[in-house]
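The block underneath contains the structure these notes are about, expressed in structure tokens.
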Amino acid sequence: LKLFLHYHIGHLGAHPAAVAYSMTTLGAGMMNSIFSFYYVKLFLNRYKISEGAFHQSQVVYMVWNAVNDPLFGYLQDNSHVPCCSQRRLSILYGAPFYAIAFLLAWFPWREYAPGDWMSGVHLMVALCAFDGMLTFVLLAQCALFAEISGHHQSRLRLIKYNQVASLIGSSSVLFCSLHSQNMDDFPSFQGFTVLVAVLACGCMIYTGLHSESRFDTKGSAQRSNYQGSGQSTLSFSLVTSMTLQILTNRDFQLFVLMNFFQVFMVAFCNNFTMIFAEHLIPPNVLPSLAKSFMYGAGFICPQLVVLSSQSLLHSLGYYKIILLTFYVEAGMAAVMLVLGPHHYYILAFFLTANMVLVQAAFSLFNLPLADIIDSDLQRHKRSSPLSSMVFGTNALFTKPAQSLAPMLVVSILNQFGYENLKDAGRDANPSDLEALHTTMFYLVCVVPMCIAALQVFAWKPFSIRSSHTVDTMYIDG
């Protein structure tokens, strides 16, 4: 690993644009990994939020999560205000608020009693604030991905640098887990999150100071015109027309359907891997320290997989690689289901490997979205791409899966007594605990198997398959 990182980091200075772009990934990776991995366990186990309040918070979050992406996408593509219309300035000014929003979840507003209504309000505010700032900053970064260069090789370089940054950033889960004993030492956990917030903010400010879009030089006024129509202002009908043009793109429809299931799986793995591992793998088989490394590997290894597959991306393209991951996920889940829950080391490997594959495939999704943006640009003869609107419209339909996954899983687990059994330990009724563990095991196997099968059917008709063989989709300005 040391030699691997030394090789890739040693070449960072050669491409300053890619370094600047990837610094936001580094900062966001540190915060997002910790937030997605710990917030469900924190509110369920430590703050003891009621199931009703948990679901209410997730419903509000689901609505806000879906709405804010196209809202910010429209704002960033069409605003006259530089801090919105220029990608780097959106990142620069959004970074401090993003870091503050990250910290909201980790500091209780008072000493929570079990089922305290305040913990529900806390979760709602923390989720909406964090996602709002995440969307504002990362939507600008996603747009930069399509706008820094139109060359496929340049985009693969961005992916490569991005994965090095993500590899370093996602290691925050490992260090946080070790530092706080898997969140058992809560004051240490809180101190670590403050450190992460400060470092992440600094990384994103670096992007804001040093990154550029090819279209920034054309002025923010151009972004406020209807792309390709020559009109000076955007009426509601023209915004609707642009949105419909995006929505009627067949490849966009297929990608969104496949991506919805992928977002569901990412949330499923991030939110519940720790809970499943603690219940299904006894501590005498896999102690806390080993589980810390297991959780860390689930966030670090996806980046290593993507970095190691650069030659495959060049030769095969992302379409075949993404399709292959779905087949592998379904196959592994089927094998684990046949083996049963008592092969603990194999189960630990499966939990980690499944998380790695899901995250690794998800890391490639900017490539098909960038190709969809290029296709839209050429089809409708636009003067500049609707990058943020495409990413935002995609998020409108896929982000609800981030809430549906925890809502669905918590509801199923509580049907089998998780709310009462999560802290009972050895005092729990053995038959009740066995029923809960059996349910968890079936969730671990059946959910990935079914989701992967659905993704295969959604992804196979996708038609943009040869962009890796084309030097450029449009000329860099």
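Reported count of residues in segment 341-355, each being touching a residue at least 12 places away in the same chain (Cβ under 8 Å) and either in contact with a Gly (Cβ under 6 Å, 6 or more places away or on another chain) or over 19 Å from SER292 (Cα atoms) (or both), is 3.
Taking interchain pairs and intrachain pairs at least six residues apart, which have beta carbon atoms under 9 angstrom, with the first residue in segment 101-119 and in contact (Cβ under 8 Å) with a residue 40 or more places away in the chain and the second surrounded by fewer than 13 Cβ atoms within 10 Å (Cβ to Cβ)? Qualifying pairs under 9 Å: GLY115/GLY52; ASP116/ARG110; SER119/ALA113.
Just so you know, in segment 15-69 the residues that are basic (Lys, Arg) and part of a helix (DSSP H, G or I) include one that is least open to solvent (accessible area, probe 1.4 Å), and it is LYS41. Determine, yes or no, whether LEU313 is touching a helix residue (DSSP H, G or I) at 6+ places or on another chain (Cβ under 7 Å) and farther than 20 Å from ASN270 by Cα. Against the criterion (touching a helix residue (DSSP H, G or I) at 6+ places or on another chain (Cβ under 7 Å) and farther than 20 Å from ASN270 by Cα), LEU313 qualifies. Can you give me the number of residues within segment 325-356 that are open to solvent by 60 Å² or more (accessible area, probe 1.4 Å) and not hydrophobic (A, V, I, L, M, F, W, C)? Summing the residues that are open to solvent by 60 Å² or more (accessible area, probe 1.4 Å) and not hydrophobic (A, V, I, L, M, F, W, C) in segment 325-356 gives 5. HIS437 meets the conditions (1) closer than 29 Å to SER33 by Cβ; (2) at pLDDT below 85 in every case but one. The failed one is (2). For segment 207-255, the set of residues classified as within 21 Å of GLN141 (Cβ to Cβ), open to solvent by 20 Å² or more (accessible area, probe 1.4 Å) and modelled with pLDDT of 65 or more consists of LEU209, HIS210, GLU212, listed by residue number. Entry remark, segment 308-324: residues being aliphatic (A, V, I, L, M), open to solvent by 10 Å² or more (accessible area, probe 1.4 Å) and under 21 Å from the mean Cα position of the chain (by Cα) number 3 in total. Just wondering, is there one or more residues in segment 137-149 that are out of contact with any Leu (no Cβ under 7 Å at 6 or more places or on another chain), part of a helix (DSSP H, G or I), modelled with pLDDT of 90 or more and at negative phi? Yes: one or more hits.
The values are calculated or read from the model by the stated rules, or taken from the named source; none is laboratory data. All values derive from a computational prediction rather than experimental measurement. For neighbour counting, all protein chains shown are included, and Cβ atoms are generated from backbone atoms with ideal geometry for every residue, glycine included. The accessibility values were calculated without ligands, DNA or RNA, using every heavy atom of the protein model including side chains. Shrake-Rupley method; radii C 1.70, N 1.55, O 1.52, S 1.80 Å.
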